Structures are given as structure tokens and as C-alpha cells.
Amino acid sequence: MAQKLALVTGAARGIGLATTKLFLQNLWQVAMIDRDAEALSQAASSLDGTMPIVADVSDPDQVDDMVKAVMSKFGRIDAVVNNAGIAEFGPIEQHDFAVWRRVMETNLDGVFLVSQASIPALRESRGAIVNIASISGLRASTLRVAYGTSKAGVIHLTKQQAAELGEYGIRANCVCPGPVRTKLAMAVHTPEIIAAYHDAIPLNRYGSEEEIAQVIFFLCSDKASYVTGQVIASDGGFECTGVGLPALRKSD
Ligand SMILES: NC(=O)c1ccc[n+]([C@@H]2O[C@H](COP(=O)([O-])OP(=O)(O)OC[C@H]3O[C@@H](n4cnc5c(N)ncnc54)[C@H](O)[C@@H]3O)[C@@H](O)[C@H]2O)c1
């Protein structure tokens, strides 16, 4: 059987890199997409079965060229993982329009553009889209007016894709990670935010990149062949809980 190809955006580090490695372990090939040329070439240099492509997912021309390059090398795309994302936190009244646009361009426009450019290839393969949103798209929180709103948009965009692309056999699902200690999270998580997350998460810890990658890979695999339009939080239980969790925890 021909080797499958996953296109992973934001693949130079963090969740995207862990996802790339998991695909490779499962004998897929991976087109690694990132706009950070140096980090991408370093990450890809030791990974056989990958094609690194420098591209900004928020730029329609770069996205079209990138998908063409993937198709001319591999001739197929079986899964698209829209993982590239940025986080900028700040109070709502101080979020200037430039910040709002920057966050939307990568987190929401990028998912739309990369998915749309991949539709002809995904129709051929009857492939899968997995979009990476966040628990910040499921529950509102302070400092995240642009980030949280962009991720809520990704959640709805996923359902829209599932509704419209199902007739081509294309599945679309969304993973909402809880906090993971990547460069993105550490840039915006203060010690207070870290402590608050621990308090609000039943499993009482951050997740790992590999734990998120496992959920992404499952949704791309044939094991999820009848799953589409779903939003799955990989969040240690954050989303299911309400107030009072620390006080209600049993202490020994
Ligand atoms: N780390 C967390 O706690 C957490 C929690 C919830 C959701 N997420 C989401 O998971 C995804 C991955 O996050 P991470 O923590 O691994 O981030 P990260 O910052 O470690 O890695 C993100 C990668 O995306 C690339 N990138 C950013 N904008 C891009 C663009 N416009 N075009 C191409 N590449 C671009 C960056 O260069 C970087 O290599 C993001 O969508 C993020 O919002 C992360």
C-alpha cells in the first residue's frame, strides 16, 4: 500500500513537531510547514521521510505554492493538521487592532486557507482535516479576547468543514489542547496563570506535546473513519469542571 502523507503546519517545534514524529513512527511521510526557517530546517534535519517547507499559513499565495510543492513531491495528501498558531494575551481595552488582526491571520485565516487549498488532494484520498483550537475557544477567560475568539472560530470552522466536505469523504475534527509547556504557552503563562491552571484541572497538571499528538493522530487515522465534526478536548478535564474544584479535592 502507498505510504500516506500528512501535512502539518507549525511543525518546527512544540505540538506540531511531536505530531510529526508520531506520524513518522506510524510510517507516514510528513510535509513539515513553518514560517520559522531556521527552526524548521533544524527540526527536519534529523527526521527521515519529511519535506520541510517554509511558508506563512496566513498568506494565500504562500499557501498555494506550498500545497503545489507538496503535491509535486508526494502526489497526495491524506491528512492536514492545522496546528500553526500564535498567542498574544492582554486586557480587552488594550488589545489594539494590529494584535487582533495578527492573531486572527494565523489562527483563523491560516486554518481556512490551508484547508481550502488542500481540498482537491483530500478529495482524492478521502482524507482528514484536524484543526488545533484550544480550551480558550471552549470557555472564555481573561486576557484572551483575540486568542480565545480565534480558537472559537476554529471550532465552528471545523463543523462547517465537516458539514460541507463530508460528501467528498473528507472528515474534519478539532482538538482543543489544555495547557502544554511549549514555547507558545510559556511566553504568555505567568506563574499566576500556571497555578490557576493547576487548580482548575482535575488531573492537576499540564499536558505533554505527545499526549496531544496521540489524539491528533487518532483523528487522522482510519480508526476514526466514522468520526467527523467533533471537538475533542485533551485538557486533563479542564472543560468539564466548574467552580470549587480545589476545595472539593480530597486531601489525604
Ligand atoms: N501550548 C499550549 O498550551 C496550547 C494550548 C492550547 C492550544 N494550543 C495550540 O496548539 C498549537 C501549537 O502550539 P504550540 O504550543 O506547539 O506552539 P509553538 O509556539 O511551540 O509552535 C508553533 C509553531 O507554529 C509556527 N507558526 C506560527 N505562526 C505561523 C504562521 N503564520 N505560518 C507558519 N507557521 C507559523 C511557529 O513558528 C512555531 O514553530 C497552536 O495552534 C496553539 O494555539 C497550544
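Summary of values
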| quantity | calculated |
| --- | --- |
| Most fluctuating residue given options L27, L138, L17, as computed from a GNM of the chain linking Cα atoms under 10 Å | L27 |
| Computed magnitude of the charge dipole of the range 20-102 (debye, nearest 20; Cβ of K, R +1, Cβ of D, E -1) | 360 debye |
| Vicinal HN-Hα couplings computed from phi for the range 174-187 (Karplus, 6.51 cos²θ - 1.76 cosθ + 1.60; Hz; Gly/Pro x) | 10, 10, 10, x, x, x, 9, 6, 9, 4, 4, 5, 5, 6 |
| For R144, residues with placed amide H under 5 Å, excluding near neighbours | G90 |
| Table column - 3J(HN,Hα) (Hz), the range 111-121, Karplus curve with 6.51, -1.76, 1.60, x for Gly and Pro | 5, 4, 5, 5, 5, 4, 5, 8, 4, x, 5 |
| Pairwise centroid distance, computed over Cα atoms, of the range 10-32 with the range 140-206, Å | 19 Å |
| Computed over the chain: relative contact order in percent, which uses C-alpha pairs under 8 Å that are six or more apart | 19 percent |
| Whole-number D in µm²/s for the chain (Stokes-Einstein; Kirkwood sum over Cα pairs; 37 °C, 0.692 mPa s) | 179 µm²/s |
| Length gained when the stretch F97-A37 is fully extended (0.36 nm per residue, less Cα-Cα span) | 18.9 nm |
| Degrees separating the helix 60-74 axis from the principal Cα axis of the chain, which is the longest one | 60 degrees |
| Spin-label pair L245/R123, simplified geometry with 7 Å Cα→Cβ offset, distance in nm | 4.3 nm |
| Candidates V175, V67, V81: whichever shows maximal mean-square fluctuation once the chain is modelled as a Gaussian network with Cα springs under 10 Å | V67 |
| Under-5 Å amide H pairs with V81, H placed in peptide plane, nonlocal only | L7, V8, T9, V130 |
| Between 0 and 90°, nearest 10: helix 209-220 axis offset from the chain longest Cα axis | 50 degrees |
| Nearest-20 debye value, the chain charge dipole, Cβ charges on Lys, Arg, Asp, Glu | 560 debye |
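Throughout, read-outs are computed from the coordinates displayed, never taken from laboratory work. This is a predicted model, so every value here is computed, not measured. For neighbour counting, all protein chains shown are included, and Cβ atoms are generated from backbone atoms with ideal geometry for every residue, glycine included.
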